[in-house]
Every structure is written in structure tokens, then in C-alpha cells.
Amino acid sequence: MSLRLGVIGTGAIGQDHIRRITRKTHGARVVALNDIARAQAQAFAERERLDARVVETAGELIAAPDVDAVLVTSWGPSHEELVLASIAAGKPVFCEKPLATTAAGARRIVDAEMQGGRRLVQVGFMRRYDAGYRALKQTVDDGTIGAALMVHCAHRNPAVPEAYVGDMAITDTFIHEIDTLRWLLDDDYVSAQVIEPRRTRNAHAGLHDPIVVLLETRKGIRIDCEVFVACRFGYDIRCQIVGETGAADLPDPPSVALRSAGRASTAIQMDWKQRFVDAYDLELQEWITSTAAGAVSGPTAWDGYFAAVTADACIAARQTRRIVPIEIGARPRFYG
């Protein structure tokens, strides 16, 4: 029997996930849609020839008897309310990042889930499903390079829209590294610092770009990450883990090596969706399979909460220009 899904949010990522569910994954079907722009949702459903109804409100969708599980792909500030409503309804919910826009909001989700006594929430940190990152983690876990000492990474975008301002470099971009590096190293963070190098002239008003984020883990591993969202040349994700006896690099995506016009070159991707398209496919399939089995196998609400606490510390570090401690209690056994 197919898992019957309701999707809240039919913007770019919501549409991508719906196409993924209908064309690439198995074991689930979309039966209901909701979006604040109802006409957009209706037009998408008709264009894609979906056998799904457009529901007036998100609450109505969550409560619908024929909706077994919920995908939240709406804008970030709505996530907390929708995830809490799904928990209250006893329905599994996949929530795109962020789990909530504040650490306090993410903690409310954690508390509600624990009070309900059943893990229902998975957060959309898709990099854990990327083949390159999984290979890198296997290298670290196998001890091939010895104990990890340092991590150097970069998150580069060719450009961002005018609406991308303020601390979105942390809350929308670096948030992926926050989760991925913690997972790669099997370690938690204890402090954060943010440095602002010379500002690129390609950054639009309201944005200081690039920034460098420095993290320290409980084991004493030092992490530096360049976040450069107006680099112009492409979507470029880098990660190198330096250990006691070697170093391991995240592999680049496959690309044809060209020799032409007197030079050797390889293409650099420009689109983040293409860079992680396979990871998104695997992530959704694994969520569908585990949800049908009554389990949560991916990033949990606790992972979403930890990422939110770390992001808040990074923002404070940027504002104060100081090293800010990251204080969080021990992971509850509920999320063991």
C-alpha cells in the first residue's frame, strides 16, 4: 500500500519534491497540496496532471484522514507551526531546513515530539545522502587518515537574489555545513567565531560577502569554512578533513575533462539543485521507506535543534566579533 502524502508549499523545492515522488521514488503518492498561493498550487497540479486535490488550509491538509504523512516545503518562518501541528496529529513529517527559524522554536518541536513519545520528524539535510560525503565519512570512520585534527571547507554560490540579506549566509547557506560536519566527525561544537574579510564588489547592498566561520568541537577539532555566495564562477562545495596520518577531500562531481583551444579544463556546476540531485532522490526514498516502516532513519528534530543553536551562536559571534560558546545539553536518550 502506498504512503499517502500531503505537501505544504509548492514553490521551487516543493515542486521538485513532488516530481521526485511521482517520477523517481516508489512507495508513496501525493494526494493533497496546500500553498498560501492557492492558484499557483492549482496550476502546478494541473500542469503536472497530479491526482491530488488542492486543500484550502495547511491545518485541513494535516488533519485529513487520507493523508498519512506530511512534507513541509513552505517558507522557513512557517515550519515550526506546521511541524508542531503534524506532531499533534500523530503524523510523520519531513521538514525542509530550517526546522524552525530560532533555536527556541526548534526546542519546542523537540519537546513536543518527546512528549508524544514517538519520533515523527525528519529534517531535510540532504548532504548526508550525497555519495561524495558518504565516501568521505567512511574514510573518517575507518581511521584511514587517523584522528581528525582540522577541517577546511568552502560553500560558494555564483550569485544570490536581492532578497538574500543579513545573516542568511549562516541561516540559509552555512546551515548545511553545520549539520554535515557534525555528522561527518561524529562530534558536537563548543564555540563559534565569524570573520568578515574584505567585501567583494559583487555583493549587493545589504550583504557582506564573503565571511569565514570558525568552529571548535568537543574533541578539539578546528573547522574553518569560507562562505562566498557571490563568487561568480560557479556552485563550488569543498571539504577537506586533515587527520594525524593523512588528509581526505570531498570528491568533485563527475565532469568531462576537456582539452580545447590550448587549455585543459573541467566544467563547474552553476546550480545547487543539480549538484545534489541524487542526494535529494535518495533522501526522499529513504524517508518514504522508513516512514512506511514506522521509523525515522534520517536527521532528527534534535539535529535540527542543534543546527539552530549553532546558527544562533554564529550570528551572535558575527555581531559581537567575539568567540561565542555553544551551549546545549546532552542529547536525550529519545534521540539515541
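The values are calculated or read from the model by the stated rules, or taken from the named source; none is laboratory data. In this text the structure is predicted, and so the values were computed from the model without any measurement. Quick reminder, even Gly has a Cβ in these numbers, built from the backbone with ideal geometry, and neighbours come from all protein chains shown.
Observations
- Residue ranges of helices (runs of 4 or more DSSP H) in region 1-70 with at least 3 members within 26 Å of Pro98 (Cβ to Cβ), hydrophobic (A, V, I, L, M, F, W, C) and touching a residue at least 12 places away in the same chain (Cβ under 8 Å): 12-23, 58-63
- Some residue of region 236-248 being modelled with pLDDT of 95 or more, in the same structural domain as Asn157 (by TED's automatic domain parsing) and among the hydroxyl-bearing types (Ser, Thr, Tyr): yes
- Count of residues meeting criterion [among the aromatic types (Phe, Trp, Tyr), closer than 28 Å to Ile195 by Cα and surrounded by fewer than 21 Cβ atoms within 10 Å (Cβ to Cβ)] in region 291-334: 0
- Taken over region 125-162, the residue count meeting the criterion of being in contact with a Cys (Cβ under 9 Å, 6 or more places away or on another chain) and in a helix (DSSP H, G or I) is 3.
- Residue pairs whose Cβ atoms lie under 9 Å apart, separated by 6 or more positions or on different chains, with the first residue in region 139-150 and without any contact (Cβ under 8 Å) to a residue 40 or more places away in the chain and the second part of a strand (DSSP E or B), are Gly143/Gly243.
- Test: residue in region 253-267 that is assigned by TED's automatic domain parsing to the domain that holds Ile145 and surrounded by 14 or more Cβ atoms within 10 Å (Cβ to Cβ): yes
- The residue of region 239-252 that is surrounded by the most Cβ atoms within 10 Å (Cβ to Cβ), among those that are within 22 Å of the chain's Cα centre (by Cα) and hydrophobic (A, V, I, L, M, F, W, C), is Ile241.
- All told, Ala308 meets the bar of being out of contact with any strand residue (DSSP E or B) (no Cβ under 8 Å at 6 or more places or on another chain), under 30 Å from Ile211 (Cβ atoms) and among the aliphatic types (A, V, I, L, M).
- Sole exception among (1) in the same structural domain as Leu82 (by TED's automatic domain parsing); (2) without any contact (Cβ under 8 Å) to a residue 40 or more places away in the chain for Thr289, by number: (2)
- Scanning region 91-104 for residues that are modelled with pLDDT of 95 or more, surrounded by fewer than 22 Cβ atoms within 10 Å (Cβ to Cβ) and in contact with a His (Cβ under 8 Å, 6 or more places away or on another chain) returns a single hit, Glu96.
- Among the residues making up region 222-274, those that are outside any strand (DSSP E or B) and aromatic (Phe, Trp, Tyr) are Phe233, Tyr235, Trp272.
- Of all the listed residues (Arg20, Arg4, Arg47), the sole one being surrounded by 15 or more Cβ atoms within 10 Å (Cβ to Cβ) and out of contact with any strand residue (DSSP E or B) (no Cβ under 6 Å at 6 or more places or on another chain) is Arg20.
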